[in-house]
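The values are calculated or read from the model by the stated rules, or taken from the named source; none is laboratory data. Worth saying up front: this structure is predicted, and the values here are computed from it rather than measured. No Cβ is skipped: glycine too gets one built from the backbone with ideal geometry, and neighbour counts run over all protein chains shown.
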Amino acid sequence: MLQDQLMLFTHIPKTGGTSFKRSVIDANISKGSIYNYYGMNGLLKDNLDGCKFVEGHYPYGIHKLIWKKCVYITLLREPLDHAISYYYFIKQCNYPNYKHPKLREVETHSLTEFWNLPHNRNLQTKLIAGIPVSKFLPDGSDELLSAALSRLKSKYLCYGILEKIGLFEAQVSALFGWNYTEIYEQSKKTICRPKVQDLKSEEIDKLKSSLSLDMRLYADAKMNVALGNSINTSLLDRKIKWVPEARQLTHFCSSLLQW
C-alpha cells in the first residue's frame, strides 16, 4: 500500500519544503519514523526499517541505495524568485554558531555571478533529473531538461509549486489519508531581499540565461498543476486497488485550484 512506502521528498532549498513538513509530515509521522539524510554513505550503512519519511536536501535517485519501496514527491518555485530568495537566504545565514556552506560564494559573487557558476546553474532541474544523470549530461542541455521532465511525469507520485502549496499539501494528505493544518514556517524566511521587479533588466536577462532549464521545467510543472495533471495516476494504479477512487481524487484535487 502507498502508506507502507518510504516517502522521498525532493526538498529543493527555498521552495516551501519546511512549511510542507510542518503542515503535513509532522502532523502525521512521528519523529522516530523520520530519517535525517546526511549523505549517501549514511544510506548505505543505516537501517531505515520503520522509517516513513526521509528529511533533507537530496536529488532524485537515492532510492537506488534504499532497500524499501519508495515514493517521490516535490515542490518547485518560480526560478527568478527562487534565485533571489536562496541567494539572500545564504547571505543571512552568517551566525556565530552556523554559517551556510555556500556563504563564501555569495560573499564573493553577485547574484547573477553566483547563479552562473556551473554547479549552481539550473539547480531545480538538476535535483529532479537526479543522480547519476545530472552528473554526466551537459549543463544547460536539452537532454538534461528532458531527463527532469521525464522523472517528474513518470517517477513522482505528486508534485506542486510554491504558489499553490496549499493545493499540494491537500493532494498529498488526501493521497495518504492524512489530516493536516496549513502552517507557514517563518524560521527560514529570507528576511532582506529584493523582489524580481526590483532587479535591472540586464540582471533578469542574465538570470534567465543561467536558469534557462529551470524556467522551462517550472513552466511545464505550473501548466500541469493548473490542469490537474500533477498526480501520477499510473503509480496509483499499480500500488492501490481502489483505482476508481484514485481517479476521482485527481478530479477532486483539481477542483481545489479554486483556493
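Overview of values
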item: Candidate set: segment 193-229, residues that are basic (Lys, Arg) and surrounded by 14 or more Cβ atoms within 10 Å (Cβ to Cβ); chosen: the one nearest to the chain's Cα centre (by Cα); result: Lys222
item: Ala147 among the hydrophobic types (A, V, I, L, M, F, W, C) and free of Cβ contacts under 8 Å to residues at least 60 places away in the same chain; result: yes
item: Considering residues of segment 113-163 that are at positive phi and in contact with a Gly (Cβ under 8 Å, 6 or more places away or on another chain) only, the residue surrounded by the most Cβ atoms within 10 Å (Cβ to Cβ); result: Asn122
item: Residues located in segment 19-48, provided they are surrounded by fewer than 19 Cβ atoms within 10 Å (Cβ to Cβ) and under 13 Å from the mean Cα position of the chain (by Cα); result: none
item: Criterion (of a type in the set (A, V, I, L, M, F, W, C) and in contact with a Lys or Arg (Cβ under 7 Å, 6 or more places away or on another chain)) met by exactly one of Ile165, Ile161, Ile191; result: Ile161
item: Selection from segment 28-60 of residues that are of a type in the set (Gly, Ala, Ser) and modelled with pLDDT under 95; result: Gly39, Gly42, Gly50
item: Residue match in segment 49-59 (condition: of a type outside the set (S, T, N, Q), assigned to a loop (DSSP other than H, G, I, E, B), within 18 Å of Phe168 (Cα to Cα) and within 10 Å of the chain's Cα centre (by Cα)); result: no
item: Residue ranges of helices (runs of 4 or more DSSP H) in segment 73-165 with at least 3 members modelled with pLDDT of 95 or more and out of contact with any Asp or Glu (no Cβ under 8 Å at 6 or more places or on another chain); result: 79-92, 103-108, 111-116, 123-129, 142-154
item: Test: residue in segment 93-110 that is in contact with a Leu (Cβ under 7 Å, 6 or more places away or on another chain) and under 26 Å from Tyr156 (Cβ atoms); result: no
item: Qualifying residue in segment 148-163 (condition: closer than 17 Å to Asn116 by Cα and among the hydroxyl-bearing types (Ser, Thr, Tyr)); result: no
item: Residues within segment 116-156 that are among the hydrophobic types (A, V, I, L, M, F, W, C) and within 15 Å of Ile12 (Cα to Cα), tallied; result: 7
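Rundown of residues vs (1) free of Cβ contacts under 8 Å to residues at least 40 places away in the same chain; (2) in contact with a Cys (Cβ under 9 Å, 6 or more places away or on another chain); (3) closer than 30 Å to Arg193 by Cα, yes/no style:
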| position | (1), (2), (3) |
| --- | --- |
| Tyr35 | yes, yes, no |
| Gly42 | yes, no, no |
| Tyr60 | no, no, yes |
| Tyr72 | no, yes, no |
| Ala83 | no, no, yes |
| Ile90 | yes, no, yes |
| Cys93 | yes, no, yes |
| Glu113 | yes, no, yes |
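Per-residue answers, yes or no, for (1) polar (S, T, N, Q); (2) under 21 Å from the mean Cα position of the chain (by Cα):
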| residue | (1), (2) |
| --- | --- |
| Thr74 | yes, yes |
| Glu78 | no, yes |
| His82 | no, yes |
| Tyr88 | no, yes |
| Leu111 | no, no |
| His119 | no, yes |
| Val133 | no, yes |
| Gly140 | no, yes |
| Leu149 | no, yes |
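For (1) surrounded by 15 or more Cβ atoms within 10 Å (Cβ to Cβ); (2) closer than 18 Å to Lys222 by Cβ, each residue gets a yes or a no:
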residue: Ile165; (1), (2): yes, yes
residue: Ala174; (1), (2): yes, no
residue: Thr181; (1), (2): no, no
residue: Gln186; (1), (2): no, no
residue: Lys189; (1), (2): no, no
